[in-house]
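Since the structure comes first, as structure tokens, the remarks are kept for the end.
The values are calculated or read from the model by the stated rules, or taken from the named source; none is laboratory data. These numbers come from a predicted model, not from an experiment. Here Cβ is always computed from backbone atoms with ideal geometry, including for glycine, and neighbour counts include all displayed protein chains. Only protein heavy atoms, including side chains, enter the accessible area calculation; ligands, DNA and RNA are left aside. Shrake-Rupley method; radii C 1.70, N 1.55, O 1.52, S 1.80 Å.
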Amino acid sequence: MDLKNLFSKISFDSDSKEQATKKDAPSHWVKCPECSSLMFFKEVENQDNICPKCNFHMRIGAKRRIEILADEGAFVEYDEDLRPNDPLKFVDKTSYKKRVEVALKKTGRTSSVVSGECEINGTAVQIVVFDFSFMGGSLGSVEGEKIVRAVNRAIEKHQGLIIVSASGGARMQESTFALMQMAKTSAALKRLDHAKLPYISILTDPTMGGVSASFAFLGDIIMAEPGALIGFAGQRVIKQTIGADLPEGFQRAEFLLEKGSIDMVVNRADMKQTLSDLLTMFKKEKIAN
């Protein structure tokens with residue numbers, strides 16, 4: 001047998017077939033960041049992205065959040081055509097315009113906020129939900145405008161307002177324009193308060209920076225999901241600033257509840273019913289007055 005001729009008929013060209021990459025290969029398993037348990041992804045999805053082993057609440061997108069909270073088919077989105085511009089022509093490693101384009105391709109949305117109207121167990125309410133997958137849920141001009149418009153609709157329709165926060169803070173690429181949204185949204189919520197309409201703030205993982213320093217902590221009721229990271233600056237920055245060791249888990253929802261900074265910690269599975277009960281309570285109180 002002529003081995004030379006035999007092997008010449010076999011192609012070793014690695015480019016002749018597409019090689020599956022790690023990115024392309026689908027993963028049917030999810031590893032819990034908290035307890036490191038390995039679970040089938042359908043098992044986690046059926047639990048609303050909560051680890052069935054340790055109750056760790058994994059991050060979810062705005063669409064899934066709305067599906068969990070709103071009555072089926074009741075959500076109507078507003079202001080989805082609003083888009084961020086680039087007032088400062090900001091460029092760091094890449095341009096702000098390019099970052100927005102990447103986020104749009106990733107999420108299919110033009111901002112980190114989804115706002116609209118829905119019903120929760122039959123009660124109509126305005127709702128604003130942050131999506132952390134869009135530029136870290138950062139607060140920019142569009143996000144602030146969407147919150148203010150949601151407040152205006154709540155006042156006009158005599159409805160309550162719910163904001164679900166999941167953000168790293170103000171968007172650095174918009175600089176002062178982003179920081180001004182803290183004052184803008186806070187002023188709008190003051191008008192909601194004058195109208196004696198309820199505002200319920202839900203803090204999820206993470207709620208940090210300018211978001212936590214403004215509207216996230218202005219709710220009539222402030223609730224959080226278990227284990228949510230909540231604060232202004234990061235732990236390392238705080239430790240370097242004050243030069244002292246910090247308590248274990250001092251930026252977690254349970255610690256803030258213990259110290260009286262928030263009103264309640266609610267499991268994701270119980271969130272809809274809790275919101276429904278609170279909205280009913282506020283409605284009865286308004287009628288009584």
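Figure note: Glu80, Glu145 ranked by solvent-accessible area, largest first, 1.4 Å probe, ligands and nucleic acids not counted: Glu80, Glu145. By the beta carbon rule, with partners counted only under 4.7 Å, the chain holds these lone Cys residues: Cys118. If I compute solvent accessible area with a 1.4 Å probe over the protein chains, what percent of it on the chain is carbon and sulfur? So the carbon and sulfur contribution to the accessible surface is 53 percent. Summed over the residues of segment 73-120 and divided among them, the accessible surface reaches 61 Å² per residue at a probe radius of 1.4 Å. Ile242 exposes around 100 Å² of accessible area when a 1.4 Å probe is run over every protein chain in place. In this entry, the chain is assigned a mean projected area of 22.6 nm², taken as a quarter of its C-alpha convex hull surface. Computed extension gain for Ser95 through Ser261, at 0.36 nm per residue and net of the alpha carbon distance, reaches 56.0 nm. Annotation: Thr241 carries an accessible surface of approximately 110 Å², with a 1.4 Å probe and no ligand, DNA or RNA atoms counted.
Between beta-carbons, use under 14 Å as the cut-off and find the net charge around Ser212, counting Lys and Arg +1, Asp and Glu -1. Value of the local net charge: 0.
List the pairs from Lys63/Lys93; Lys63/Lys98; Lys105/Lys184; Lys106/Lys184; Lys63/Lys97; Lys157/Lys190 whose alpha-carbon separation is above 26 Å, in the order I gave them. Distance filter (> 26 Å) returns Lys63/Lys93; Lys105/Lys184; Lys106/Lys184. Computed over protein heavy atoms with a 1.4 Å probe, the accessible surface of segment 174-236 works out to 38 Å² per residue.
Under the combined filter of DSSP loop state and at most 15 neighbouring Cβ atoms within 10 Å, segment 194-275 retains these trypsin sites (Lys or Arg not before Pro): Lys196, Lys259. DSSP bridge analysis restricted to the chain gives an antiparallel fraction near 45%, rounded to the nearest 5.
The phi-based Karplus calculation (6.51 cos²θ - 1.76 cosθ + 1.60; θ = phi - 60°) puts the 3J(HN,Hα) values of segment 171-176 at 7, 4, 5, 10, 6, 4 Hz, whole numbers, x for Gly and Pro. The magnitude of the dipole of the chain, with charges of +1 and -1 set on the Cβ of Lys/Arg and Asp/Glu and taken from the Cα centre, is near 660 debye.
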